[in-house]
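Okay, so here's the structure we're looking at.
The values are calculated or read from the model by the stated rules, or taken from the named source; none is laboratory data. The model shown is predicted, which means the values in this text are computed figures rather than measured ones. No Cβ is skipped: glycine too gets one built from the backbone with ideal geometry, and neighbour counts run over all protein chains shown. For accessibility, only protein heavy atoms count, side chains too; no ligands or nucleic acids. Shrake-Rupley method; radii C 1.70, N 1.55, O 1.52, S 1.80 Å.
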Amino acid sequence: SRLVNDILDAASLKHRSIQLKMESVSVEQVVETVCELTSTLAKPGVKLVNEMPTLPPVNGDFGRLTQIMTNLIGNALKFTIAGSVSVSGYHTGESVVVEVRDT
């Protein structure tokens, strides 16, 4: 089901017809939710670390941001054999940057 939705989303993006629900979104809330949901994907010996500081809200689609973060963090956990996956971020100018790093 998720794969089908991702394929449909990619097709919508290609044709510029994707619908976004723009709203004020807490990046920390998105990251916290995704970390809770994906932590079970970590292999033994891999630690998921949420280092997200308090950041200003962003204007975005909560569902799409959650989908993107789930893909990034999930892939990092899937392909990390040992060590850690950390999620952090920072505010620069008018942008908020989120970093997902693995060892």
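Matching residues to (1) modelled with pLDDT under 95; (2) buried (at least 16 other Cβ atoms within 10 Å of the Cβ); (3) over 19 Å from Val96 (Cα atoms); (4) aromatic (Phe, Trp, Tyr):
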residue	(1), (2), (3), (4)
Ser1	yes, no, yes, no
Val4	yes, no, yes, no
Asp9	yes, no, yes, no
Leu13	yes, no, yes, no
Glu36	no, no, yes, no
Val58	no, yes, no, no
Asp61	yes, yes, no, no
Asn71	yes, no, no, no
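Whether any residue in the range 19-29 is open to solvent by 40 Å² or more (accessible area, probe 1.4 Å) and within 13 Å of Val100 (Cα to Cα) is what I want to check.
No: zero hits.
Mind counting the residues in the range 15-34 that are more than 13 Å from the chain's Cα centre (by Cα), among the hydroxyl-bearing types (Ser, Thr, Tyr) and at pLDDT 95 or above?
1
Exactly one condition in (1) out of contact with any Pro (no Cβ under 9 Å at 6 or more places or on another chain); (2) touching a residue at least 60 places away in the same chain (Cβ under 8 Å); (3) of a type in the set (Val, Ile, Thr) is false for Ile68; which is it?
Only one criterion in (1) out of contact with any Pro (no Cβ under 9 Å at 6 or more places or on another chain); (2) touching a residue at least 60 places away in the same chain (Cβ under 8 Å); (3) of a type in the set (Val, Ile, Thr) is unmet by Ile68, namely (2).
Could you grab the pairs with beta carbons closer than 8 Å, sequence gap of 6+ or different chains, first residue in the range 36-47 and among the hydrophobic types (A, V, I, L, M, F, W, C), second one part of a strand (DSSP E or B) and modelled with pLDDT of 95 or more?
The qualifying pairs are Ala42/Leu48; Ala42/Val85; Val46/Gly83; Val46/Ser84; Val46/Val85.
Please give the number of the condition Asp102 fails out of (1) surrounded by fewer than 14 Cβ atoms within 10 Å (Cβ to Cβ); (2) modelled with pLDDT of 90 or more.
(1)
State the number of residues belonging to the range 73-97 that are open to solvent by 50 Å² or more (accessible area, probe 1.4 Å) and not polar (S, T, N, Q).
Count: 8.
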